[in-house]
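Down below is the structure, laid out as structure tokens.
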Amino acid sequence: MAATKSEEAAEGARPRSTKKKKKLILLALPLVLTGIGAGLWFSGILPGMLGPHAPERAAVEHAAPAPRVPVFVAMPDITANLNAPGRRAFIRLKSQMEVSGAQDAATLQAAMPRLVDLFTTYLREIRPEELRGSAGTHRLREELIARANIAASPARVTDVLFTEILVQ
């Protein structure tokens, strides 16, 4: 009976080794095919086999779009009193809006009365201390851009350029 157990064990080992070989082949085959495909692609052989215009088509698809020329729209001068309890403080602001195209510039010009109203209302709520330094100017720019994008939607204002800021 001991001989039969060893014979059964020997027979059981053979199918296991064939199962392992099958698993190895099933796992290794996709990796080998992927490696061959990548090698052919990066060596330039596979794109050449796909057609004579395949590399040209890929170059055209990956070409950068033509750069847009920004359009600047001058804002009217805004003078507003600041929120300074117990004293008088004023701001005089000259600025220009940068948009990405002539169509956005036309939309911005149509919304100009609303923009002036929003900017003036916002400036009246600012305290003079909030405008000090480059951080204050940066915050003012970001707030004006946000308000301009809301007021002149669907036009997109990309920047506000200050020509003059006078706080008195």
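Read the figures in this text as sums done on the coordinates, not as results from a lab. This one's a predicted model, so the numbers in the text were calculated from it and none came from an experiment. FYI the Cβ positions are ideal-geometry reconstructions off the backbone, even for glycines, and counts take in every protein chain you see.
Key figures for this structure:
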quantity: Placed amide H near residue 82: partners under 5 Å, 5+ positions off or other chain; calculated: 89, 90, 91
quantity: Among 144-152, 27-35, 106-114, 83-91, the order from most to least packed when residues are scored by Cβ within 10 Å on average; calculated: 144-152, 106-114, 83-91, 27-35
quantity: Point-to-point label distance, residue 40-residue 141, nm (Cα→Cβ direction, 7 Å offset); calculated: 5.3 nm
quantity: Value of relative contact order over the range 72-144, rounded to a whole percent, pairs C-alpha under 8 Å and six or more apart; calculated: 35 percent
